[in-house]
C-alpha cells in the first residue's frame with residue numbers, strides 16, 4: 001500500500017491508503033476519496049484547481065514539467081513546494097507523501 005497524508009483546507013488531516021500499481025494521479029485519488037477538488041481541466045495542467053503544497057516528500061517526486069510550472073506561476077500563493085495534483089502519478093516510491101490541498105473552490 002501507498003500511504004498519502006492529506007491535510008484539507010480546514011486543517012483536517014487524514015491518511016489515505018492507495019494500492020500499489022493503481023496508476024492514478026494524486027488528483028484522481030483525492031476526488032475518489034471525496035475531497036473537494038474541482039479539477040476543471042480534467043488533469044491537463046490547465047486550470048490549477050488541484051494545487052497542493054508538498055509538506056513532506058518533495059524529493060520523491062519527478063521534476064515538474066514546463067506546463068505545470070507555467071500554470072503554478074499564475075497562482076498568487078504558489079511557492080517552491082507547490083505542485084498540481086493532476087501531474088503527480090502515484091507509485092510505491094511516494095509512500096509517505098504528505099500534501100496540503102490549496103486549490104481553489106471556484
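The values are calculated or read from the model by the stated rules, or taken from the named source; none is laboratory data. Keep in mind the model is a prediction, meaning the values are calculated, not measured. In this analysis, Cβ positions are derived from the backbone assuming ideal geometry, glycine residues included, and neighbour counts consider all displayed protein chains.
For the reader, a short list of remarks on this structure follows.
- Within segment 10-40, being surrounded by 13 or more Cβ atoms within 10 Å (Cβ to Cβ), without any contact (Cβ under 8 Å) to a residue 40 or more places away in the chain and outside any helix (DSSP H, G or I) holds for 16, 33, 40.
- Residue pairs meeting the criteria (Cβ under 7 Å; at least 6 apart or on separate chains; first free of Cβ contacts under 8 Å to residues at least 12 places away in the same chain, in segment 89-102; second outside any strand (DSSP E or B) and exposed (fewer than 14 other Cβ atoms within 10 Å of the Cβ)): none
- Among (1) surrounded by 11 or more Cβ atoms within 10 Å (Cβ to Cβ); (2) out of contact with any strand residue (DSSP E or B) (no Cβ under 7 Å at 6 or more places or on another chain), the one test that residue 74 misses: (1)
- Any hit, segment 48-69, residues being touching a helix residue (DSSP H, G or I) at 6+ places or on another chain (Cβ under 7 Å), modelled with pLDDT under 95 and in a loop (DSSP other than H, G, I, E, B): yes
- Boolean, residue 80 is surrounded by fewer than 19 Cβ atoms within 10 Å (Cβ to Cβ) and within 10 Å of the chain's Cα centre (by Cα): no
- Among (1) exposed (fewer than 15 other Cβ atoms within 10 Å of the Cβ); (2) in contact with a strand residue (DSSP E or B) (Cβ under 9 Å, 6 or more places away or on another chain); (3) within 18 Å of residue 82 (Cα to Cα) - the single one residue 7 does not satisfy: (1)
- Residues within segment 83-106 that are assigned to a loop (DSSP other than H, G, I, E, B) and either closer than 15 Å to residue 4 by Cα or under 10 Å from the mean Cα position of the chain (by Cα) (or both), tallied: 8
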